[in-house]
Each structure stands twice: as structure tokens, then as C-alpha cells.
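A short worksheet on the structure shown next.
The values are calculated or read from the model by the stated rules, or taken from the named source; none is laboratory data. It should be emphasised that the depicted structure is a prediction, and the values quoted were computed from it without experimental measurement. Backbone-built Cβ (ideal geometry, glycine too); neighbour counts: all protein chains shown.
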Amino acid sequence: PAPTPEPPAPTPEPPAPTPEPTPEPSTPTPEPPAPTPEPTPEPSTPTPEPPAPTPEPSTPGETLNGSNGDNTLNGGESEDQLNGFRGDDVIRGFNGDDNLIAGVGQDTVVGGNGDDTVNGGPGHDRLFGQSGNDLLLGRPGNDILLGGDGDDTLEGGIGRDRLNGGAGNDTLEGGASIDRFIFNTNQEFQTEDVGIDTITDFSQTQGDIILLDLTTFTAINSESGTGFSINSEFATVTNDQEAASSEAVIVYNSENGKLFYNPNGSETGFGDGGQFATLTNTPELEAEDFVLRI
């Protein structure tokens with residue numbers, strides 16, 4: 001008999017698929033290092049203003065210019081032009097007939113000796129003429145103008161200004177808004193110290209005020225505050241003779257705008273008082289147009 005055939009060889013298993021090689025983890029491209037931050041600066045202690053130096057004599061016509069920061073400019077012995085520009089400036093003219101312009105900012109400007117022009121510019125400024133016949137210009141802002149000695153001209157400009165001519169026969173112009181015309185010598189009334197000031201634009205419509213200091217006008221017994229608490233201490237008359245014999249302490253001649261201090265009442269003359277102002281537009285003054293203060 002024929003031999004039994006061998007069974008066929010089993011079909012070989014297909015070879016196992018070659019496994020995909022496990023990829024090496026890619027090294028990420030490093031981010032560039034963050035820039036080292038600038039150290040936060042310590043808050044700086046402001047350099048204190050040095051005391052005003054004794055000025056060196058300046059060249060006649062010298063011009064000093066500040067910057068847009070807070071400047072301190074000092075003139076010298078001659079006629080200087082000092083310009084502060086922007087910032088809160090301190091400008092001192094010292095001697096000579098100086099032209100001082102502060103510019104924009106809250107400035108303090110001091111004319112010193114000489115016939116100076118002091119221009120505060122826009123901002124709430126403090127302007128001092130000191131000695132000489134000075135021109136003080138407040139410009140826009142709520143300014144304080146103090147003439148000092150001499151026959152000064154004070155112009156407040158736009159804003160609520162305070163104008164005090166000081167000694168001498170001064171001209172006061174408040175400008176737009178509510179202004180205060182101040183009479184105060186820090187001592188009892190003396191005609192040569194007070195002078196006779198001219199107020200050019202007193203306006204009741206704007207709410208202007210005449211401020212009388214009770215350390216100067218010592219005969220006033222009304223309480224400090226608005227107006228006269230003792231009605232008889234203010235009177236309006238129509239001629240100077242009536243003013244001199246009035247029982248009131250403050251007397252206004254509505255015909256010529258003269259304002260008098262009359263400390264001896266109805267006795268003849270004004271005693272130690274006298275005229276201290278003229279209101280050129282002759283408004284109809286009332287007690288409420290005054291403020292008394294100590």
C-alpha cells in the first residue's frame with residue numbers, strides 16, 4: 001500500500017510586525033530666558049531746597065531761564081529777566097528793576113528792591129512786590145498779591161484774587177470773579193503806612209469784598225465776620241464834610257467814591273484816621289460789602 005502522506009506543514013504565522021521605535025522624548029527648545037527685571041528704584045528723598053543764597057551781582061540785562069520742573073531762580077544786583085516756565089517755581093528778583101515771569105504753575109514770586117514787574121502767569125500764585133513801585137500781574141488763577149512799600153499796581157486777572165497794596169498809594173484791579181481788597185498793616189492805622197489806594201473795578205454783582213483788619217482799624221467794635229454787626233459803624237454820605245462829622249467809623253462818600261476811617265466819631269475831622277481808598281466807579285456800597293477780621 002502507498003504510504004500515508006505527511007500532513008502539510010502548517011502555514012507559518014506571519015512575522016510579528018516590527019514595533020515602531022518608541023521615539024525619544026524630544027528636548028523642547030528652551031525659551032529664551034526672561035529678561036532680568038530692572039530693580040524697582042527706592043523712592044527718592046527729595047533734595048531739600050537750599051536756603052536762598054546771597055546773590056552774586058548779575059550782569060545788567062542777564063536772562064535766567066528755568067525748565068518745565070520746579071525751579072528756584074535768584075536774580076542779583078542788576079536788572080534781571082527771570083523766566084520760570086512750567087512748574088511750581090520760586091523766583092526772587094533781589095535788587096534792580098527786574099522782570100519776573102513765573103509761567104504755568106503754583107508759583108511764588110518776590111520782586112525785592114527796585115521797580116519790578118512780577119507776572120504770575122496761569123495758576124494759583126503768590127506775588128510780592130516788596131520795595132519799589134511794582135507792577136504785579138496775577139493772570140488766570142486764584143492769586144494773592146501783596147504790593148509792599150511803594151506806589152504799586154496790582155492786577156488780579158481771572159480768578160478769585162486777594163489784593164493788598166501795603167504801604168503807599170496803590171492801584172488795585174481785581175478782574176473777573178470774586179476778589180478781596182485787603183487793608184491791613186499789622187499795626188494801628190497810620191495814614192503814612194496805609195496810603196490811599198484806588199480800587200478801579202469793585203463789583204457787587206461779582207461779589208467783591210473790602211476786607212478790613214481789626215488790628216489796623218482798632219476803633220471798630222463790630223464782631224469779626226461779614227458786614228458790621230453794629231449798624232451805626234458804617235455810613236454813606238454825599239460829601240467829605242459829612243464824612244468828617246459822621247458818627248460812623250467807616251464812612252463812604254457815594255458821590256466821589258472816597259472811603260474814610262473816622263475813629264473819633266462826630267468830633268471835627270478824622271482824628272488819627274483819614275481817607276484810605278477811592279472806588280473810581282462809585283458803587284453803592286453797603287455794610288454787607290465788607291468783611292471784618294482779626
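General observations
- Total residues in the range 191-201 satisfying the condition of being assigned to a loop (DSSP other than H, G, I, E, B), surrounded by 20 or more Cβ atoms within 10 Å (Cβ to Cβ) and touching a Phe, Trp or Tyr at 6+ places or on another chain (Cβ under 7 Å): the figure is 0.
- Complete set of residues in the range 263-290 that are at pLDDT 95 or above and among the hydroxyl-bearing types (Ser, Thr, Tyr): THR278, THR280, THR282
- Scanning the range 245-259 for any residue that is modelled with pLDDT under 95 and in contact with a Leu (Cβ under 6 Å, 6 or more places away or on another chain) turns up nothing.
- The set of residues in the range 146-167 being aliphatic (A, V, I, L, M) and under 16 Å from ASP201 (Cα atoms) consists of LEU154, ILE158, LEU163.
- Strands (runs of 3 or more DSSP E) (entirely within the range 209-294) containing at least 3 residues that are in contact with a strand residue (DSSP E or B) (Cβ under 7 Å, 6 or more places away or on another chain) and under 23 Å from GLY174 (Cβ atoms): 209-213, 250-253, 258-261, 274-279, 290-293
- Scanning the range 174-189 for residues that are under 15 Å from LEU214 (Cα atoms) and hydroxyl-bearing (Ser, Thr, Tyr) yields a total of 1.
Let's see how each residue does on (1) more than 25 Å from THR191 (Cβ to Cβ); (2) crowded, with 21+ Cβ neighbours inside 10 Å; (3) at pLDDT 95 or above; (4) of a type outside the set (Lys, Arg):
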| residue | (1), (2), (3), (4) |
| --- | --- |
| ASN99 | yes, no, yes, yes |
| GLY103 | yes, yes, no, yes |
| LEU136 | no, yes, yes, yes |
| ASP161 | yes, yes, yes, yes |
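- Restricting ARG92, ARG126 to those that are among the basic types (Lys, Arg), modelled with pLDDT of 95 or more and surrounded by fewer than 19 Cβ atoms within 10 Å (Cβ to Cβ) reduces the list to ARG126.
- Check on PHE276, within 23 Å of LEU145 (Cβ to Cβ) and in contact (Cβ under 8 Å) with a residue 24 or more places away in the chain: yes
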